[in-house]
Amino acid sequence: MKKLALLFTLAITTAAIAQPPKPRIDSSKYPRLTNFTAQQDHENMMKQLGIKKLRPGPSGNENAPNHANYDESVANPCPQLPDVLTTKDGKKVTTADAWWKQRRPEIVEEFEKEVYGRVPKNVPKVTWTVKVTDREFINRIPVIVKMLVGRVDNSSYPLIDVNINMMLVVPANVKGPVPVLMMFGGRPSFPAPAQPQAADLEKINAAFKDLMIKNDPSLKEIFERYPAYSPITSAAGPGFFAPPKPEDQLTPQERLLAAGWGYVTIDPSSIQADNGAGLTRGIIGLVNKGQPRKPEDWGSLRAWAWGAARGLDYLETDTLVDAKKVGIEGVSRYGKAALVTLAFEPRFAVGLIGSSGKGGATLHRRVFGEAVESLTGSGEYHWMAGNYLKYGTEESSFGRKTGCDLSVDSHELIALAAPRLAFISYGIPEKGDAKWLDQKGSYMATIAAGSVYKLLGAKDLGVSNDYMKEEMPPMLTDMLNGELAWRQHDGGHTDAPNYKSFIPWASQFLKYERRTP
Ligand code: GCU
């Protein structure tokens, strides 16, 4: 029965969204789309940079002979971090003005050139369409759900289509506009799609039976034998009358809604693929007209961050949303993407940065768990700018470089978010938030970033900024008194257990109080 219902829905939706056939594209008018494997693309970038040999990344398996380092005594080969408050020409930054006008732009420039790549000047426009607006119930909370698609203008290179998939969910039982947390995740789907009422369902069934009989007249007799049979049943969710879930079983989304927040799910892979072979497609490929990247071009992390900013463009036009109170969230590779988004897009007011590791909150210079060499290998390099490969290089036209040669480090990425709200979140290795992520290296970076928060009149973790001296606190210690916050929960590779702390912390600093209409 369920299957039939599904088939039917499928048939209807396909019919409803079937578009007139697209005009044929004469591909000979455009540069040929490059079809590289990740390996070929990686080699192409090495060649462009004059790299002969990269050091291999360490193994994540602790029993392998080439396993990653977990010995704290050799984890800091170059303990002196670039000073976040000293300009390139050696001047101390002591005023907010000097930070905004000189030091911050210097740091942005280095990150763009060497680490994450630049967003090209000519990225085409995105046009947002609300495909469906639905009224649903999530854990008894009435919500408005909007399924959105952001179509990127591809008239400059029609061989590549980019359509950003995003879904907005806001509570309908509070006085809006509401703050919203944008979450990097998979392809969005309706949480609890509203189902037709009994009378509507009856009509649908009658029409469906007619349609089936037209297709196969022998069915008429069968339907007459079972007059009370309805081929289509409602797949109604629990709706408003379901018993409420126990508090400790709430999902992050349910917690947000209960606190009067909305959320957005945005699908990174609809912006840019999570692999090197995809670099000649997606938004990066579209701007490059299907050609491989140059060393300063953006990688997937920066592309995902760009897509999130375009999502925010839409939210600014939606009256249900308080666009001054929009956050960005992600875990693991999407934790890196969330931090990059927060750092580069000042319209995001808050970030929840989950287990982001190397390329995220953890210091590049640290040699503990995942290494720079992991990010320069062919499985992960696509996250970064091509130039980043230089720092894993053993032999090349420019010699040998390591993470210690980077002119910036992750404490400065966090500092780019200042004085806005940044919550750096981790779990514990015992529960699966692997040592590979280097929680301690992230703590050191957060400590070092604090001096910029203080310079700008905000609060940091409330301890000193001496990252070599400060000890990482035990798990479950709340360091939530400032705009810069840290908490290691007692779960695994997720940020879900930290929402209980994150939501009140963010609401307080954003001065948001849930109110009923
Ligand atoms: C790998 C990778 C990490 C990344 C993680 C993930 O472990 O080395 O950098 O954060 O995958 O995204 O799940």
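Below are the figures for this structure:
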read-out	value
Rounded to the nearest 20 debye, dipole of the range 256-350 from Cβ charges on Lys, Arg, Asp, Glu	320
Violating pairs (Cα-Cα greater than 27 angstrom) within the set 245/459; 29/125; 324/431; 47/101	245/459; 324/431; 47/101
Long-range amide H partners of residue 490 with built H, under 5 Å	none
Efficiency of FRET between residue 214 and residue 190 - r from beta-carbon atoms, R0 35 angstrom, step 0.05	0.70
Amide H partners (placed H, <5 Å) of residue 181, local residues excluded	262, 263, 264, 327
Cut-off 10 Å between beta-carbons: net charge of the residues surrounding residue 51, Lys and Arg +1, Asp and Glu -1	+2
Value of [θ]222 nm, deg cm²/dmol, for the chain, DSSP H segments ≥ 4, -39500 (n - 2.57) each, nearest 500	-8000 deg cm²/dmol
Cα centre as origin, Lys/Arg/Asp/Glu Cβ charges: the chain dipole, Debye	1280
For the chain, the longest site-free run once GluC sites (Glu not before Pro) in DSSP loop states with at most 16 other Cβ atoms within 10 Å are removed	63-295
Evaluated over the range 27-182, the Cα radius of gyration and Dmax, each in Å	24.3, 61
Built amide H within the under 5 Å cut-off of residue 138, gap 5+	143
Gain on full stretching of the segment that runs from residue 459 to residue 102 - 0.36 nm per residue minus C-alpha separation	126.3 nm
Loop sites in the range 163-238: trypsin sites (Lys or Arg not before Pro), DSSP, at most 12 other Cβ within 10 Å	175
Dipole of the chain, positive end: most advanced residue of 279, 182, 82 [Cβ charges, Cα centre]	279
For the range 428-445, Karplus couplings with θ = phi - 60° (6.51, -1.76, 1.60), whole Hz, Gly/Pro x	10, x, 4, 9, x, 8, 3, 4, 2, 6, 6, 3, 5, x, 6, 5, 4, 5
Residues 374, 234, sorted so that the one with the fewest Cβ neighbours within 10 Å comes first	234, 374
Around residue 383: net Lys/Arg minus Asp/Glu count, Cβ-Cβ under 11 Å	+2
Charge dipole (debye, nearest 20) of the range 351-492; +1 at Cβ of Lys and Arg, -1 at Cβ of Asp and Glu	200
Two-decimal Rg/Rh across the chain, once Rg and the Kirkwood Rh are taken from alpha-carbon atoms	1.02
Spatial extent of the range 159-318: Rg and Dmax, with the Cα atoms as the point set, Å	23.0, 71
Among 157, 389, 455 the positive-end extreme of the charge dipole of the chain (Cβ point charges)	157
Antiparallel bridge percentage (DSSP; both residues within the chain; nearest 5)	50
Ranked list, fewest to most other Cβ atoms within 10 Å of each Cβ, for 334, 229, 391	229, 391, 334
Gyration tensor (alpha-carbon) shape descriptor, the range 117-254, a/c threshold 1.5	oblate
Eligible aspartates and glutamates near residue 91 by straight Cα distance, threshold 13 Å, same-chain separation 8 or greater	83, 106
Summed side-chain charge close to residue 147 - residues other than residue 147 whose Cβ falls under 14 Å, Lys, Arg +1, Asp, Glu -1	+1
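We did not get these values from a lab; they are worked out from the coordinates using the rules stated. Just so we're clear, the structure is a prediction, and the values are computed from it rather than from any experiment. Glycine also receives a Cβ, built like all others from the backbone with ideal geometry; neighbour counts cover every protein chain displayed.
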